[in-house]
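Structure first, commentary second.
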Amino acid sequence: MGGYFGGRLALAGAQVAWIARGPHLESLRRGGLRVTSPGGDFHVGGLATDDPSEVGPCDYVLFCVKSYDTEGAARALPPLLHDDTAVLTLQNGVDNPEKIASAVGWRHVMAGAAFVFATLQGPGQVAHLGGPGRVVFGEMNGARSARAERLLTWFRRANVPAEVSTDIRRVLWDKFAFICAQAGLTAATRLPVGELREVPETWELFRRVLEEVRAVAAAEGVRLPEDTVDRHLQFAARLEPQATSSLHHDLVHGRRMELEALHGTVVRLARKHELPVPISETVYGLLKPWARRAGA
């Protein structure tokens, strides 16, 4: 996501630097970033480094690391900050803002939900595979700040559909519900969503994960709309039959998984509130041995 959205902003004229590591960093240094997209392929340059102090203070930091790297990456943020810098997390999960705030303070934290399917296809290469490419973001206190409005202008200049929300926690939990259902069921079955839809018993599990997450959200003080479950089911019903999830992708490729940030969070919060979440517990239990094998 960082490559896709950062690339779009760079293409629109924003001054963008890349914080990366390993072969991806070396490729960015040699030849810039290449993005393939249904909306048109493009190539952009820019400073690429593994040392934030080489970049210096920025107006915005797009924080797009995997959730299990949040705390480590957050500790590297200070050289990138000035008094009004916004660190915009576009990660999976609902607890990343708190982790970032513990490192740099709440005044720097902005949260968002990205609705895009993108993957790192190889060093220096990002593939935008689909989805609306939309971003909904906002200040944690619900204010429509000047810095949020400036970023909205930049996103729109970059042809990224964007919206500022005054209730970003609700947006995060709404997306979280869908991710837990989509990611959990495609990973647990190792099958794409099209095959899940064809089996009524499995499709019912998809619904029940949505219901469980909505109940946990309510216990956490976040009231999701009444149509949340049906709306997400309808969206999933329109997805390409071969659509899976990043959790599925990481599982089948033996990579670290974001299981703790997703179903692990649901299970832990459900236990705190003494809520039954049997399907989420089952998905978590099925996938945890694989997560451990991959080094989670």
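A few notes on this one:
- When S67, S53 are screened for being of a type in the set (G, A, S) and either buried (at least 19 other Cβ atoms within 10 Å of the Cβ) or within 17 Å of M140 (Cα to Cα) (or both), only S67 passes.
- Taken as a whole, the condition of being of a type outside the set (G, A, S) and assigned to a strand (DSSP E or B) applies to F115.
- Yes/no for L262 being under 20 Å from L172 (Cα atoms) and surrounded by 15 or more Cβ atoms within 10 Å (Cβ to Cβ): yes
The rows are residues; the columns are (1) of a type outside the set (S, T, N, Q); (2) more than 18 Å from the chain's Cα centre (by Cα); (3) in the same structural domain as A118 (by TED's automatic domain parsing).
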| residue | (1), (2), (3) |
| --- | --- |
| W154 | yes, yes, yes |
| D174 | yes, no, no |
| E211 | yes, yes, no |
| D227 | yes, yes, no |
| D230 | yes, yes, no |
| R256 | yes, no, no |
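- Test: residue in the range 91-107 that is crowded, with 19+ Cβ neighbours inside 10 Å, aliphatic (A, V, I, L, M), touching a Lys or Arg at 6+ places or on another chain (Cβ under 6 Å) and in contact (Cβ under 8 Å) with a residue 40 or more places away in the chain: no
- Scan of the range 108-118 for residues that are under 13 Å from the mean Cα position of the chain (by Cα) and surrounded by 15 or more Cβ atoms within 10 Å (Cβ to Cβ), ordered by number: A111, G112, A113, A114, V116, F117, A118
- Criterion: outside any strand (DSSP E or B) and surrounded by 14 or more Cβ atoms within 10 Å (Cβ to Cβ) - qualifying residue of A148, A127: A148
- Scanning the range 130-147 for residues that are in contact (Cβ under 8 Å) with a residue 24 or more places away in the chain and of a type in the set (D, E, K, R) gives R134, E139, R147.
- Qualifying residue in the range 222-245 (condition: part of a helix (DSSP H, G or I) and closer than 26 Å to N141 by Cα): yes
- Meets criteria (buried (at least 18 other Cβ atoms within 10 Å of the Cβ), of a type outside the set (S, T, Y) and not assigned by TED's automatic domain parsing to the domain that holds V65) for A237: no
The values are calculated or read from the model by the stated rules, or taken from the named source; none is laboratory data. Given the structure is predicted, the values throughout are model-derived calculations rather than measurements. Every residue, glycine among them, receives a Cβ derived from its backbone with ideal geometry; neighbour counts consider all protein chains shown.
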